[in-house]
Amino acid sequence: MLPVLTTPRLVLRPARPDDTEAVWRLLVLPDVRRFLCDDKVLGREVVAGIVAEHLESAPQGMGMWIAEQARAMVGIASLKQVPQVLADLIPELDGEAEPTIALHPDGWGQGLAGEALGAVLGHGFGALALPRIAAICDVPNTASAAMLARAGFRRTGEHPGLHYRLFSWMLERP
């Protein structure tokens, strides 16, 4: 079971099946899907599958959290194995765990994504004792790249991607 994670301004609670609609509404926003979903509008059934996949990972300590501020959903955070399609593009990431943070654009520019990332990293390095955590971001996603650098990630390469070129990043356990 995933624990509840807290930051100074956020509560990250484990996702539930009934969160699917809210996650879908977040992921179809043009500014959110631009980099996270390769600008594809995901159907509700696809998002239901994503949520279900994360729920299946919960017993291993990985999965999806709903980021809430004042009990209102402001985004999602997750920690999961690098998807095989990305590991095929970037073989050194095969078997590694990666975080994903997606906030509603109303929450951008306030440091909330960095708080959520810090909580997820703390869980991965603490409770899961991961030796390192990988990250992938699209080259034009300068905001995510800056957040990863602030969190201490080291950029390890640039690679062809499915939609944009990708930067790979790695953070060793402190």
Response to the item:
Restricting region 122-150 to residues that are outside any helix (DSSP H, G or I) and among the small types (Gly, Ala, Ser), the one surrounded by the most Cβ atoms within 10 Å (Cβ to Cβ) turns out to be Ala135
Discussion item. So Glu115 ticks every box in (1) within 17 Å of Leu10 (Cα to Cα); (2) surrounded by fewer than 17 Cβ atoms within 10 Å (Cβ to Cβ); (3) of a type outside the set (Ser, Thr, Tyr) but one. Which box is left unticked?
Written reply: (2)
Worksheet entry | Flag if Val74 is within 22 Å of Ala15 (Cα to Cα), among the β-branched types (Val, Ile, Thr), out of contact with any helix residue (DSSP H, G or I) (no Cβ under 7 Å at 6 or more places or on another chain) and modelled with pLDDT of 95 or more | no
Discussion item. For Val41, only one of the following conditions fails: (1) of a type outside the set (Gly, Ala, Ser); (2) outside any loop (DSSP other than H, G, I, E, B); (3) at pLDDT 90 or above. What is its number?
Written reply: (2)
Worksheet item: Which residues, counting only those in region 79-119, are within 23 Å of Val28 (Cβ to Cβ), part of a helix (DSSP H, G or I) and out of contact with any Gly (no Cβ under 9 Å at 6 or more places or on another chain)?
Response: Val85, Pro105, Asp106, Leu117
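The values are calculated or read from the model by the stated rules, or taken from the named source; none is laboratory data. Source: prediction; values computed, not measured. In this analysis, Cβ positions are derived from the backbone assuming ideal geometry, glycine residues included, and neighbour counts consider all displayed protein chains.
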